[in-house]
Structures are given as structure tokens and as C-alpha cells.
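Chemist: Would you mind keeping the following structure in view while I ask a few things?
The values are calculated or read from the model by the stated rules, or taken from the named source; none is laboratory data. Note that this is a predicted model, so its numbers are computed, not measured. Virtual Cβ from ideal backbone geometry, glycine too; neighbours counted across all protein chains shown.
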Amino acid sequence: MPMHQERWRPQFHFTPPDTWMNDPNGMVWFDGEYHLFYQNNPFGNRWGHMSWGHAVSRDLLHWEHLPLALAEENGVMIFSGSAVVDWNNTSGFGRPGHPPMVAIYTGHHTGRPLQNQQIAYSTDRGRTWTKYAGNPVLDIGEADFRDPKVFWHADTGRWVMAVAWPPRRQVRLYSSPDLKAWTHLSDFGPAGSTNGIWECPDLFPLPIEGSPRTSAWVLVVNVGSGAPARGSGTQYFVGQFDGTRFVPDAVAAPRWADYGPDFYAAVTWSDVPPRDGRRIWLGWMSNWIYANDVPTHPWRSAMTLPRELTLRPTPDGLRLVQQPVREFRQLRHSGIRFQGSRLDDAARWLARQEVPTGLAELSLVLDRLPETGAVTVRLHHGTSGETAITADLAAQELRIDRTRSGRADFHPRFAGIHTAPLRTVDGRLDLHLIVDVASIELFAQNGEVALTDLILPESPGLRATLEASAPARQARVRSLSLHPLESAPPIPLLSKP
């Protein structure tokens with residue numbers, strides 16, 4: 001069976017060809033290509049033998065699979081990390097006019113309890129890699145010390161590394177002139193959510209909506225458990241970074257990037273050109289509670305859609321805003337749009353639409369909503385599956401219910417109802433749903449809230465229905481559209497090294 005026709009194989013989300021995948025790693029733009037490395041077991045579809053898989057894309061949708069980039073060897077697994085373009089050749093690995101790509105990763109020692117930070121470099125656009133003979137470049141003698149994210153800090157003219165100290169619930173910051181010698185700067189944490197160990201940090205500035213010349217810094221900390229939907233998840237802090245220390249604006253309660261169960265290890269791309277100007281990330285679309293048991297074959301796991309990030313002022317402070325990258329629009333078929341404003345008419349119109357492939361984008365905007373009642377969009381998968389998305393106005397809560405979406409017997413904690421806070425402004429509700437073969441990504445209130453859920457429908461096809469309880473039934477439909485979506489098949493790896 002062709003790879004893109006396997007049961008539950010996503011059609012426009014990245015998946016490995018035939019093995020296990022977890023965290024995205026080393027995401028960097030260079031010479032017209034977005035590089036995506038990822039935690040990969042090249043020998044099977046369960047976690048183990050961690051190495052870096054590799055793929056590239058020019059549009060963040062169509063990916064070309066490349067040979068394994070960094071392999072486990074000599075008792076050292078290749079755990080998560082990042083990659084940068086060393087434009088000024090501070091490392092000495094390149095030559096004039098030909099900057100090297102440098103990967104910074106955690107070496108996980110299988111024969112003793114030790115993790116340290118190591119580097120490798122490439123001088124051929126990331127196609128082949130050489131591990132640095134002087135590894136490790138940072139070793140504090142700890143069993144759990146991992147996931148370095150490195151960036152160039154122009155104001156201080158040096159590299160900065162954020163690296164997790166998991167059992168202490170801390171992120172350590174280091175600096176370096178050359179990616180080889182690292183000096184400790186400061187520590188952040190514990191703060192926010194500390195129920196689970198801290199992993200996969202990221203630190204970057206983001207523009208503030210409505211104030212294009214102002215920005216704030218965001219520190220992302222992924223947590224291994226204790227997220228809102230149970231299990232693993234992604235929290236973030238907003239504040240300022242002065243080149244040495246990150247100071248948050250508030251740490252009273254954790255802020256969550258995604259309230260669904262299937263968004264983890266999210267990190268951003270490095271070196272996106274200034275003329276583009278976007279901060280783009282994606283996450284691993286699974287959860288450590290059941291990731292090894294999701295019944296796909298021969299591959300296991302997918303990434304989320306790449307998402308563009310900004311910050312939005314709210315009454316509770318700055319909040320992370322996510323939208324699917326603009327390139328995603330090229331997957332849209334000619335859509336169909338409801339003409340009218342009555343919710344009951346919109347419900348009758350929507351019930352008549354059908355997407356046989358099950359790949360769809362649904363956008364709904366309502367206004368004149370009361371403070372009570374509820375609005376529900378039901379996604380009907382094939383002949384029997386159903387996922388309900390409900391905006392509960394009185395509870396100020398958004399819910400995804402996947403208890404009847406399809407296959408769920410592979411793990412007792414897969415089926416569930418997942419909730420997020422819902423902030424309505426001027427009685428307005430904005431729901432943007434993207435449905436692939438085996439996932440739903442919901443962006444609500446113009447990207448202010450995100451929920452990502454895996455689903456495993458037993459049969460293909462998709463219909464949607466709309467309903468509201470009084471008094472929400474009196475709301476006005478500002479817009480309602482449905483776009484069938486195309487597949488984005490990958491370019492297969494023709495031969496393995």
C-alpha cells in the first residue's frame with residue numbers, strides 16, 4: 001500500500017516514513033529550505049535508539065524525507081536539541097561565504113546516568129553531519145540535563161542556550177562566543193506548572209498585536225505531566241530577557257499554549273529570514289500517556305501543523321496567539337459559504353454539506369451572543385464516529401469531546417473531554433477547525449485558544465452539524481465556511497544510507 005494511503009496516515013501533517021517519532025528537533029531555515037529534524041527510532045515504531053530523523057520543505061507542507069542525520073552510536077543516544085546557521089563562522093566549522101549549520105543536542109549515555117550537550121556540523125546544507133571531536137561542550141555531571149535551544153543574541157553579540165534541568169523544574173541559561181565553550185548565566189524556575197518534569201525549552205521575542213514596534217520575550221517550557229488535558233503539555237511565560245536573565249511578568253498560574261492532549265515538545269524555527277519576519281513553531285502531536293500504543297503501522301506519531309505566533313494584550317496580560325501558517329491556504333479547494341445570518345438557517349445549510357475525504361477546514365464566527373447557553377459543532381466521522389466541540393457561554397469554557405470519535409480501546413486514558421478557558425469579547429465567538437484523517441486542531445477566538453486532539457475514526461468521510469441552546473440560538477452568524485482540503489504527500493526517501 002502506498003505510504004500516504006495507510007489507515008490513519010495524516011494527509012497534510014508530517015509523519016515519519018515507517019518508524020517511531022517524537023520531539024521536533026533542530027528546526028532551522030537555510031538556503032530556501034525549512035529543516036525539520038525529529039527524535040527517531042530507526043529500528044521500530046516504539047520509543048528507543050534515539051537518533052535524529054530529517055526532512056526538508058520549501059513551503060512547510062510538502063516534506064522531502066532525507067537520510068538519518070545523527071545516529072545513536074558508541075553508547076550515546078541523540079536526544080532533543082536545536083540547530084542554527086553560524087553566519088559569522090564563530091565555530092570555525094565553515095569557510096568564508098559558506099556558513100556551517102550547527103546542531104546542538106543532548107548526548108544521552110546508555111551505560112551510565114549522564115546527559116550532556118554536544119554539537120555536530122554540516123557544510124552541505126544539512127545533508128551530512130560530522131560530530132565535533134571535542135564533545136561534550138557542556139557537562140555538569142547530571143543524569144537529567146537536556147534539550148538545548150540555542151540562538152544568537154545580537155545585543156550582546158553571543159550565542160545563548162536555554163537547557164532544561166528536568167527534576168529541578170528549572171531552565172538554565174548559558175552563553176558562548178563560538179558554540180563550543182559555554183558559560184553559565186542564570187537559572188529560571190521552579191514556576192508555573194511544576195507537576196511534571198521540565199523539558200524542551202525555547203526562548204524568543206515576539207511582537208505584540210497592535211504595537212508592531214514593541215515585543216516581549218516568551219520562555220516555553222514543555223512539561224512531562226500535569227497539563228490541562230492530563231499527561232504532557234506545553235506551558236509558557238511572558239517577560240523580558242536582558243541577555244543574561246529572563247524575568248517573567250507574572251508566574252501566579254501556568255499559561256498553556258494548547259489545551260488539548262496532543263501538543264508537546266513545541267519549539268520554534270531558527271533563522272527564518274528577517275524579510276519574512278514570522279516566528280513559526282510546531283509540536284509533537286501525541287501524549288506520553290499513550291504515545292507508544294496509538295495503533296498506527298508501520299509509522300507512529302505525527303507533528304502538528306506549523307503555526308505562526310504573536311502576543312495579544314488581554315485583561316489577564318499578554319497571551320500567546322497561534323494561527324496555521326499562511327502557506328496552509330494552498331491546500332484549500334474552492335470552499336462553500338453560508339449566505340445569511342440566522343443560526344437556524346446556518347444549521348440546516350451545514351447539515352447538507354459533506355466532505356467524502358474527511359479533510360476539511362471549517363470556520364464559524366457568531367456575534368450578538370448572550371452570556372448563557374451553548375453552541376456546539378458536531379463532526380460526524382464516517383458512519384458512526386462523532387466529535388463534539390462546545391462553547392459553553394455561562395461556564396466560559398470551550399470543550400472537545402472525543403469519547404465517541406472512533407477507536408479508543410488501545411489505552412484506557414485516550415477517550416476524554418478536554419476543556420479550555422473561553423474569553424468572549426463583545427459577544428463574539430470565532431471557531432476555526434482543521435480536520436485531518438486522524439486529528440482535529442481547533443483555533444478559537446482568532447487564535448487566542450488552541451486545542452489539539454488525535455482521533456481515530458473507524459470509517460472515512462465527514463459531515464458537520466451546528467446546534468445551540470437557548471438563548472444562544474438567537475446569535476447572529478457573521479460567517480460560516482467549509483473548505484475541503486487537499487493532501488500534501490511527502491517526497492519519499494528513495495534509498496537509505
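Chemist: Of VAL150, VAL160, which residue is surrounded by 22 or more Cβ atoms within 10 Å (Cβ to Cβ) and part of a strand (DSSP E or B)?
Modeler: Going through VAL150, VAL160 in turn, the sole match is VAL150.
Chemist: Also: Which one of PHE37, PHE14 is of a type outside the set (Ser, Thr, Tyr), under 14 Å from the mean Cα position of the chain (by Cα), outside any strand (DSSP E or B) and in the same structural domain as ALA83 (by TED's automatic domain parsing)? Talk me through it step by step, then tell me what you get.
Modeler: On the way: PHE37 fails: outside any strand (DSSP E or B).
It is PHE14.
Chemist: Let me ask another. Which of the following residues is at pLDDT 95 or above, over 17 Å from GLY260 (Cα atoms) and out of contact with any strand residue (DSSP E or B) (no Cβ under 6 Å at 6 or more places or on another chain): GLY416, GLY461?
Modeler: Of GLY416, GLY461, the one residue that is at pLDDT 95 or above, over 17 Å from GLY260 (Cα atoms) and out of contact with any strand residue (DSSP E or B) (no Cβ under 6 Å at 6 or more places or on another chain) is GLY461.
Chemist: Oh, and also: Do we find a residue being over 30 Å from ILE389 (Cα atoms), of a type in the set (A, V, I, L, M, F, W, C) and either out of contact with any Lys or Arg (no Cβ under 8 Å at 6 or more places or on another chain) or free of Cβ contacts under 8 Å to residues at least 60 places away in the same chain (or both) anywhere in segment 222-236?
Modeler: At the first step, the residues of segment 222-236 found to be over 30 Å from ILE389 (Cα atoms) are none.
Scanning segment 222-236 turns up no residue that is over 30 Å from ILE389 (Cα atoms), of a type in the set (A, V, I, L, M, F, W, C) and either out of contact with any Lys or Arg (no Cβ under 8 Å at 6 or more places or on another chain) or free of Cβ contacts under 8 Å to residues at least 60 places away in the same chain (or both).
Chemist: Just checking, how many residues over segment 269-307 are in a strand (DSSP E or B) and under 22 Å from PRO421 (Cβ atoms)? Lay out the reasoning, then the answer.
Modeler: Kept after step one, since they are in a strand (DSSP E or B), are these residues of segment 269-307: 270, 280-284, 300, 303, 307.
Those still in the list that are under 22 Å from PRO421 (Cβ atoms) too: 281, 283, 307.
The qualifying residues number 3.
Chemist: Hand me the list of strands (runs of 3 or more DSSP E) wholly inside segment 425-491 holding 1 or more residues that are of a type in the set (Asp, Glu) and in contact (Cβ under 8 Å) with a residue 60 or more places away in the chain. Spell out how you get there, then give the answer.
Modeler: Values: elements: 429-436, 439-444, 449-454, 462-468, 476-484.
Fully inside segment 425-491 and qualifying: 429-436, 439-444, 449-454, 462-468.
Chemist: Among the residues in segment 183-197, are any more than 22 Å from the chain's Cα centre (by Cα) and among the hydroxyl-bearing types (Ser, Thr, Tyr)?
Modeler: Yes: one or more hits.
Chemist: Can you find even one residue in segment 219-228 that is in contact with a Cys (Cβ under 9 Å, 6 or more places away or on another chain) and more than 25 Å from ASP436 (Cβ to Cβ)?
Modeler: The answer is yes, given that some residue of segment 219-228 is in contact with a Cys (Cβ under 9 Å, 6 or more places away or on another chain) and more than 25 Å from ASP436 (Cβ to Cβ).
Chemist: Also, I was wondering about something else. Condition first: under 8 Å from the mean Cα position of the chain (by Cα) and not polar (S, T, N, Q). Now tell me which residues in segment 278-309 satisfy that. Don't jump to the end; show me each part of the working.
Modeler: Taking segment 278-309 as the starting set, the residues that turn out to be under 8 Å from the mean Cα position of the chain (by Cα) are 281-285, 303-307.
Listed by number, the residues that qualify are TRP281, LEU282, GLY283, TRP284, MET285, MET303, LEU305, PRO306, ARG307.
Chemist: Between residues in segment 3-15 that are under 18 Å from TYR38 (Cα atoms) and residues that are among the acidic types (Asp, Glu) and not in a loop (DSSP other than H, G, I, E, B), which pairs lie under 7 Å by C-beta distance while being six or more apart or on different chains?
Modeler: PRO10/ASP436; PHE12/ASP436; HIS13/ASP436
Chemist: State which residue is nearest to the chain's Cα centre (by Cα) when the search covers only segment 313-366 and only residues that are acidic (Asp, Glu) and either at pLDDT 95 or above or not in a loop (DSSP other than H, G, I, E, B) (or both).
Modeler: GLU327
Chemist: For residues in segment 31-58 being of a type in the set (Phe, Trp, Tyr) and surrounded by fewer than 19 Cβ atoms within 10 Å (Cβ to Cβ), which is farthest from ALA83 (Cα to Cα)?
Modeler: Within segment 31-58, the subset of a type in the set (Phe, Trp, Tyr) is 34, 37-38, 43, 47, 52.
From the residues that got through so far, the ones that are surrounded by fewer than 19 Cβ atoms within 10 Å (Cβ to Cβ) too are 43, 47.
On the way: PHE43: 24, TRP47: 22 Å.
Among residues in segment 31-58 that are of a type in the set (Phe, Trp, Tyr) and surrounded by fewer than 19 Cβ atoms within 10 Å (Cβ to Cβ), the one farthest from ALA83 (Cα to Cα) is PHE43.
Chemist: Which count do you get for residues in segment 51-94 that are under 20 Å from the mean Cα position of the chain (by Cα) and outside any strand (DSSP E or B)?
Modeler: 5
Chemist: Can I ask one more? Considering every residue within segment 254-266, establish whether at least one is assigned by TED's automatic domain parsing to the domain that holds ALA302, surrounded by fewer than 22 Cβ atoms within 10 Å (Cβ to Cβ) and either in contact (Cβ under 8 Å) with a residue 60 or more places away in the chain or at positive phi (or both).
Modeler: Yes, segment 254-266 contains a residue that is assigned by TED's automatic domain parsing to the domain that holds ALA302, surrounded by fewer than 22 Cβ atoms within 10 Å (Cβ to Cβ) and either in contact (Cβ under 8 Å) with a residue 60 or more places away in the chain or at positive phi (or both).
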